[in-house]
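Here's the structure, in structure tokens; my notes come after.
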Amino acid sequence: MHNHSRGKKEKPDKFWSATWRLVKYVKPWMLGIIITLIMSVAAVILQIVTPKVLGEATTEIYKGVTKAFVMKKMGLHVSTLPIDFTAVGHILIIVAALYIVAALFNVGQQFIMTYISQKVVYQLRKDLKAKLQRLPISYYDTHSNGDIMSRMINDMDNISTMLQTNLTQFITSVLLFFGVLYMMLTISFSLTLVALCTLPLIGIIVGVIAPKSQKFFSKQQSHLGEVNSQVEENFAGHTIIKTFNREEEAIKKFEEQNDKYYSFAWKAQFVSSFMFPLMNFVKNLNYVFVAVFGGIKVAAGTVTLGNVQAFLQYVNMFNQPITNLANLTNTIQSTIASAERIFKILDEPEMVDEKVDIAPIETTDKIKFENVNFRYLPDNPLIKDFSLDVEKGTTVAIVGPTGAGKTTIINLLERFYDIDSGSIKLDGVDTRQMSRSDLRSHIAMVLQDSWLFTGTIFDNIKYGNADATDEDVYRAAKEAQADEFIEKLPDGYNTVLNESASNVSQGQRQLITIARAFLANPDILILDEATSSVDTRTESLIQEAMDNLIKGRTSFVVAHRLSTVQNAEKIIVMNHGQIRETGNHQSLMAENGFYADLYNSQFIGNNL
């Protein structure tokens, strides 16, 4: 899967509206945010005060050393340095206490922000998951699974990291910048001007190198995603690659992507590696300038040595928040872009259960399509004036060429999409008069692409009816002809299916889905032919299981191979969204029309 959000540093389209919406999620924990801000302010104040307090100890020691030097010059005997070690000790204790309290404040605010960030993301993820359950099928048809997963996982992680670390780091950096600047000004205005003379250099370094580095890192992550995708695809299809002797071509393609990744990774690391030494160079320049001018001021007696020492510490602290703020600007942009991607899903129109003013009718038909019209796209009608009566217990086969609208009829029956006009009735009641969940409780589907979840075979069968007993599950498996192969597995019904259920065969997967449909015990069955890619014995087992499942139920069979629907009581022949012919196999063949042409073309093609 491509790592979308980490690979691309996106910029939000509507920065402030997305930010405000994210703030609304943080609002319930605003008290914790305020406490965190107070702790951050306190920690920064203690952090910037400490060098000046420590400078007083240096000044005290310097006074004693100077006094001893003067006394020696005067010829006086000096047995011990005249330093007030008690005062120095008190200062050092105060400094240690300040450092400890600052550390406690930092730990406290980090603990609170970790808790708040996880709570915010928990609620956001919960809302997104609930929203995804309410979105129409059309949304999933038009958005890739990878993109949805990227929003659910990577974008959520971006927001979590920003709230947990970057937000406090941003606030701390701003406070530290102005706090250090203020403390430098309180020591010496002229020394502060000397320290600030390198600020344009810092601006150039941050403004030029950081964006270039960011660009290369973005490209690096993008190509890393391509490499990962190619490796995943090659591993998944390694049998096909070997079968067609495409190993060399696969290696060549990998090397091309790997070379691109290497190129941008090297550039990203090379350019970003300049940041630290250049910032160090500027910091050392500051040290030299401040040390020289500070020494002159100490000699002149206008600034104490302790204050110069404190000033040098402030110079060291001054560059860090500037670098942090430059890096955080891109990170915050990326985070708000992630929030915007999530909010776009939350703003998507949901499935609606609007009731229609169509009175129920008395009928013996299980399903009635009455003058149904439908289109996926506004200017492209697909189903046109479609009418069909299906009696209870009848098996209806829907056949036709690709794009005829066979699957669309099933989508409309399940209300995955709502019709544009007309009516679809279940037992005489328009399906839009009932909720989707109520409608679907009458229907079970067995599709060509059998979908099983990671878990035991037992749990996968029971998915059809959560209230079923163990005996019901075993009975359903026997009716579906699945019991025999399940019992032969080492762990039987407790066999755990892997992510793609590849540890059982395709035919066995299909039998499990049929057992699941048996357990659901629906009024209506929708069957998609699923025997085309299995062996003859398994095909006969599946066909027998389907025949058992169909008995006494109203069934819709979407058929691709016409030879499988010859026994259907009613065959609907579709083309371009309309019914072309209706009848059973014999009557339709006798008409020698569209169905006969389809059947003969398949029959002839299969026997060439």
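Under a crude label model (7 Å from the Cα following the beta-carbon direction), how far is GLU348 from THR114 in nanometres?
3.4
Quick one: Karplus J couplings for the stretch 182-196, per residue in order, coefficients 6.51, -1.76, 1.60, θ = phi - 60°, nearest Hz, x for Gly and Pro?
With the stated coefficients, the stretch 182-196 comes to 5, 5, 5, 5, 5, 7, 6, 5, 5, 5, 5, 4, 4, 5, 7 Hz.
Test of understanding: what is the full-extension gain from GLN586 to SER263, defined as 0.36 nm times their sequence separation minus their Cα-Cα distance?
Gain on stretching GLN586 to SER263: 109.6 nm.
Regarding the stretch 333-484, what is the average projected area of its C-alpha convex hull, in nm²?
The orientation-averaged projected area of the Cα hull of the stretch 333-484 comes to 14.3 nm².
Between beta-carbons, use under 10 Å as the cut-off and find the net charge around THR456, counting Lys and Arg +1, Asp and Glu -1.
So the environment of THR456 carries a net charge of -1.
Whose amide H sits under 5 Å from the amide H of THR495, counting only residues 5 or more places off or on another chain, with H placed in the peptide plane?
Here the answer is ILE457, PHE458, since their amide H atoms fall under 5 Å of that of THR495.
Per residue of the stretch 443-449, what does 6.51 cos²θ - 1.76 cosθ + 1.60 with θ = phi - 60° give for ³J(HN,Hα)? Whole Hz please, x for Gly and Pro, Karplus curve as stated.
Once θ is set to phi - 60°, the couplings for the stretch 443-449 become 10, 10, 10, 10, 9, 4, 8 Hz.
Using the Cα centre as the reference, give the magnitude of the dipole from point charges on the C-beta atoms of the chain (Lys, Arg: +1; Asp, Glu: -1; all else neutral), rounded to the nearest 20 debye.
Charge dipole, the chain, about its Cα centre: 4140 debye, nearest 20.
Over the chain, what is the mean sequence separation of C-alpha contacts under 8 Å (at least six apart), divided by residue count, expressed as relative contact order in percent?
Computed over the chain, the figure is 15 percent.
Please work out the average accessible area per residue across the chain, using the 1.4 Å probe convention, and give it in Å².
About 53 Å² of surface per residue is accessible.
For the pair MET149 and LEU196, what calculated FRET efficiency results from E = 1/(1 + (r/R0)^6), where r is the Cβ-Cβ distance and R0 = 35 Å, to the nearest 0.05?
Efficiency, rounded to the nearest 0.05: 0.15.
Distance from a point 7 Å along Cα→Cβ of SER138 to each backbone N in the stretch 372-403: keep the residues under 17 Å and list them by number.
Of the residues in the stretch 372-403, 373-384 have backbone N under 17 Å from the label point off SER138.
If you roll a 1.4 Å probe over the chain with all protein chains in place, what percent of the accessible area is carbon or sulfur?
Ligands and nucleic acids excluded, carbon and sulfur give 58 percent.
Beta carbons within 10 angstrom, averaged per residue: use that to sort the peptides 268-275, 170-177, 512-519, highest first.
512-519, 170-177, 268-275
So how do 159-166, 448-455 stack up, highest first, on mean other-Cβ count within 10 Å?
Most protected by this proxy first, the peptides run 159-166, 448-455.
Straight-line reach from LYS14: which aspartates and glutamates have Cα under 18 Å away, leaving out those fewer than 8 places along the same chain?
Output for LYS14: ASP155, GLU340, ASP347, GLU348.
Between VAL107 and HIS90, 0.36 nm times their residue separation minus their Cα-Cα distance comes to what?
Contour length minus Cα-Cα distance gives 3.5 nm.
So how do 305-317, 238-250, 434-446, 86-98 stack up, highest first, on mean other-Cβ count within 10 Å?
With the highest mean Cβ count within 10 Å placed first, the list reads 305-317, 434-446, 86-98, 238-250.
Could you tell me the calculated FRET efficiency between GLN566 and VAL227, based on Cβ-Cβ distance and R0 = 51 angstrom, to the nearest 0.05?
Taking R0 as 51 Å, the efficiency between GLN566 and VAL227 is 0.50.
Give the angle, between 0 and 90 degrees and rounded to the nearest 10, that separates the Cα long axis of helix 536-550 from the longest principal axis of the Cα atoms of the chain.
Value to nearest ten degrees: 80.
Work from the charge dipole of the chain (Cβ charges, +1 for Lys and Arg, -1 for Asp and Glu, about the Cα centre) and give the residue of ILE61, ILE93, ILE579 farthest towards its positive end.
Among ILE61, ILE93, ILE579, the one farthest towards the positive end of the dipole of the chain is ILE61.
Express in nm, to one decimal, how much length is gained between ASP385 and TYR99 on full extension, taking 0.36 nm for each residue of separation and deducting their alpha carbon distance.
Computed gain between ASP385 and TYR99 is 95.0 nm.
Skipping prolines and chain starts, which residues have an amide H placed within reach, meaning under 5 Å, of the one on LYS392, given they are 5 or more residues away or on another chain?
Here LYS366 satisfy the definition.
In deg cm²/dmol and to the nearest 500, what is the mean residue ellipticity at 222 nm of the chain if only DSSP H runs of at least 4 residues count, each as -39500 (n - 2.57), divided by the residue total?
It comes out at -21000 deg cm²/dmol, rounded to the nearest 500.
Given [x] 1.01; [y] 1.19; [z] 1.05, which label gives Rg/Rh (Cα atoms, Kirkwood Rh) as computed from the coordinates?
Label [y] holds the value from this structure.
Can you work out ³J(HN,Hα) from phi for every residue in the stretch 246-256, in order, using Karplus 6.51 cos²θ - 1.76 cosθ + 1.60 and θ = phi - 60°, giving whole Hz and x for Gly and Pro?
These are the phi-based 3J(HN,Hα) values: 9, 4, 5, 5, 5, 5, 4, 5, 4, 4, 4 Hz.
List, in the order given, every pair from LYS129/LYS366; LYS366/LYS462; LYS366/LYS478; LYS129/LYS267; LYS131/LYS392 whose Cα-Cα distance in the structure shown is over 30 Å.
Distance filter (> 30 Å) returns LYS129/LYS366; LYS129/LYS267; LYS131/LYS392.
Taking only Cα atoms, what is the 0 to 90° angle, nearest 10, from helix 199-236's long axis to the longest principal axis of the chain?
30
Note the angle between two axes, namely the Cα long axis of helix 305-346 and the longest principal axis of the Cα atoms of the chain, as a number of degrees from 0 to 90, rounded to the nearest 10.
Rounded to the nearest ten degrees, it is 10.
The values are calculated or read from the model by the stated rules, or taken from the named source; none is laboratory data. What you are looking at is a predicted structure, and each value in this text was computed from that prediction instead of being measured. Note that each Cβ is placed from the backbone with ideal geometry, even for glycine, and that neighbours are counted across all protein chains shown. Accessible surface is based on the protein model in full, side chains and every heavy atom, while ligands, DNA and RNA are left aside. Shrake-Rupley method; radii C 1.70, N 1.55, O 1.52, S 1.80 Å.
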